[in-house]
Amino acid sequence: MIPYGRQDLVQSDIDAVVAVLESDFLTQGPAVPLFERRVSGYCGASHAVAVCNATAALHIACLALGLKPGGLVWTVPNTFVASANCALYCGARVDFVDIDPDTLNMSVAALEEKLELAKACGNLPNIVIPVHFAGMPCDMPAIGALAKRYGFALIEDASHAIGAELDDVKVGACTYSDITVFSFHPVKILTTGEGGMALTNSAEICQRMQLLRSHGISRDLSSVELEATGGWYYKQVDLGFNYRMTDIQAALGVSQMDRLNSFLNRRRCLAERYQEVLAGWPLKVQGFTDGANSSRHLFVIRVGANRKVVYDHLRASGVGVNVHYIPVHTQPYYRELGFKSGMFPEAERYYSEAISLPIYSTLSDEQQDFVVESLRLAMNVS
Ligand SMILES: *Cc1c(COP(=O)(O)O)cnc(C)c1O
């Protein structure tokens, strides 16, 4: 079975991991800060906090921005559940903004309309979490302008989007947002096994996230405190978690960063090939945000009402297609919270027609041709 996504590991990645295993530090050694500097330098952000996965990064990002019980977070329904769950971890409420049917990202028009209504009812969100779906950057200048006007914080869920650019600025530069979060799960663009990172340009937000990642414990002691206690002393100043990344993971991350540009080039090349051969077929591909260069984490198509038939046919031919995403508000857990089908029609309509075709850096031209031929048969295209 050709999967829809997979990791790209070579001997140098394995050697980097083995070197850590033979070193003094499996965790809390030099590899984590090195990986943080590599990613923040690449993206053009001043600070980075590596954690055990992107879900943890989203959680501490919300907390670092002061999200409290009773607070409110908005995200999109067309995302993985983690983008919404992070609000609930903090005891806050969550609501959704429908997507644009072309870019499949948060609709700026729907966001603006919902903000006007919320302002009238005194129910504005504390945080909005746009998701760069499939690696396509959201219209951040427009969303950033709304954040200023209505006074909410912004976390970019860039789990799909390391290497993506908007107007030649890398996603992760946090030009319009407070925090950007990346995932390094094996299906994402680069991997550390499990892993995530939160980037920010605020030293204060960075410090808060560093505390929350490691039990809320600070070793930042004044000389007076040290004098009064001793060299062994540490103090817990907040209720944090153990969300740390290991040095084993970070070393893999550093090694993968060396190949990030080749991963992106290959994904973009595969996406171009899909666009070329699928032109004229009875399906739709994802539209581009103005000025965007997608990282091409996913290649999604809308095949229409016969999606299940096409999906089953492709699976039976050995093409491991998938569907991204079941709208979060239609999950049983979210229905229990009061959400219903029909609330976010664009995300629901897109979901009913969507298929994600295989795309990853080690997918060969021949495998891609096989995917296209299988799709041709599944869709009866002559
Ligand atoms: C993968 C993913 C996450 C969660 O990432 P983990 O590293 O697995 O916790 C969050 N949001 C989106 C959009 C994702 O695709």
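Each value in this text was obtained by applying a stated rule to the coordinates, not by laboratory testing. If you're wondering where the values come from, they're calculated on a predicted model, not measured in any experiment. Reconstructed Cβ throughout: ideal geometry from the backbone, glycine too, with neighbour counts over all protein chains shown.
Across the stretch 53-63, coupling constants 3J(HN,Hα) worked out from phi with the 6.51/-1.76/1.60 Karplus curve, θ = phi - 60°, read 5, 6, 4, 5, 4, 5, 4, 6, 5, 4, 5 Hz, and Gly and Pro carry x.
Suppose a student asked you for the relative contact order of the stretch 242-368, using Cα pairs under 8 Å spaced at least 6 residues apart; what percent would you report? Mind showing how you got there, number by number?
Values: 118 pairs, mean separation 39.1, N = 127.
Answer for the stretch 242-368 is 31 percent.
Relative to the Cα centre, the charge distribution of the stretch 264-382, modelled as +1 at Lys and Arg Cβ and -1 at Asp and Glu Cβ, gives a dipole magnitude of about 220 debye. Each of A142, A354, C269 was placed along the dipole of the chain (beta-carbon charges, centred on the mean Cα), and the one lying farthest toward the positive end is A354.
Of the peptides 152-158, 67-73, the ranking by mean beta-carbon count within 10 Å, highest at the top, reads 152-158, 67-73. Structural size metrics of the chain, computed from C-alpha coordinates, are Rg and Dmax of 21.5, 81 Å. Relative contact order of the chain: 23 percent, from C-alpha pairs under 8 Å at least 6 residues apart in sequence. Quick one: in the stretch 224-284, what % of C-alpha pairs are over 17 Å apart? Counting every Cα pair in the stretch 224-284, those more than 17 Å apart make up 72 percent.
Debye-formula intensities of the stretch 181-300, expressed as log10 I(q)/I(0) at q = 0.10, 0.20 Å⁻¹, are -0.53, -1.16 (one equal scatterer per alpha-carbon, no solvent).
Remark on S159: its backbone amide H falls under 5 Å from those of H132, S183, a criterion applied only to residues 5 or more positions apart or on other chains, H modelled at 1.01 Å from N. Each peptide in 305-315, 200-210 gets a packing score, the mean of other Cβ atoms within 10 Å over its residues, and the list from highest to lowest is 200-210, 305-315. Among 10-17, 32-39, sorting by the average number of other beta carbon atoms lying within 10 angstrom of each residue, highest first, gives 32-39, 10-17. Partners of K170 within straight-line reach, counting lysines whose Cα lies under 24 Å from its Cα and excluding those fewer than 8 residues away in the same chain: K148, K188.
Since only N306, L154, Q286 are under comparison, the one whose Cα sits farthest along the positive direction of the charge dipole of the chain, derived from C-beta charges on Lys, Arg, Asp and Glu, is N306. Read phi for every residue in the stretch 357-366 and hand back ³J(HN,Hα) as whole Hz from Karplus 6.51 cos²θ - 1.76 cosθ + 1.60, θ = phi - 60°, with x for Gly and Pro. With coefficients 6.51, -1.76 and 1.60, one gets 7, x, 8, 6, 5, 8, 5, 8, 4, 5 Hz. Other residues whose C-beta falls under 14 angstrom from the C-beta of A161 contribute a net charge of +1, scoring Lys and Arg +1 and Asp and Glu -1. Coupling constants for the stretch 138-152 follow from the phi torsions by the Karplus curve (6.51 cos²θ - 1.76 cosθ + 1.60, θ = phi - 60°), and in residue order they are 6, 6, 5, x, 5, 5, x, 5, 5, 4, 5, 5, 9, x, 10 Hz; glycine and proline get x. Pairs over the 29 Å Cα-Cα cut-off, from the set K68/K340; K114/K308; K68/K114: K114/K308. Pairs of Cα atoms in the stretch 1-105 fall into 10 Å distance bins, from 0 up to the last occupied one, in shares of 12, 26, 33, 22, 7, 0 percent. Working note: 222 nm ellipticity from helices only, DSSP H runs with n ≥ 4, each -39,500 (n - 2.57), summed and divided by the residues of the chain, gives -12000 deg cm²/dmol to the nearest 500. On the basis of the beta-carbon distance and an R0 of 51 Å, A228 and S341 show a calculated FRET efficiency of 0.25. Taking 0.36 nm per residue of separation and subtracting the Cα-Cα distance, full extension of the segment from Q275 to Y150 would add 41.2 nm. Residues of the stretch 63-96 falling in the label zone of L117, defined by backbone nitrogen less than 12 Å from a point 7 Å along Cα to beta-carbon, are 96.
Taking the Cα centre of the chain as origin and assigning +1 to Lys and Arg Cβ atoms and -1 to Asp and Glu Cβ atoms, the resulting dipole is close to 660 debye.
About its Cα centre, the dipole of the stretch 327-382 is roughly 360 debye, where the only charges are +1 on Lys and Arg Cβ and -1 on Asp and Glu Cβ.
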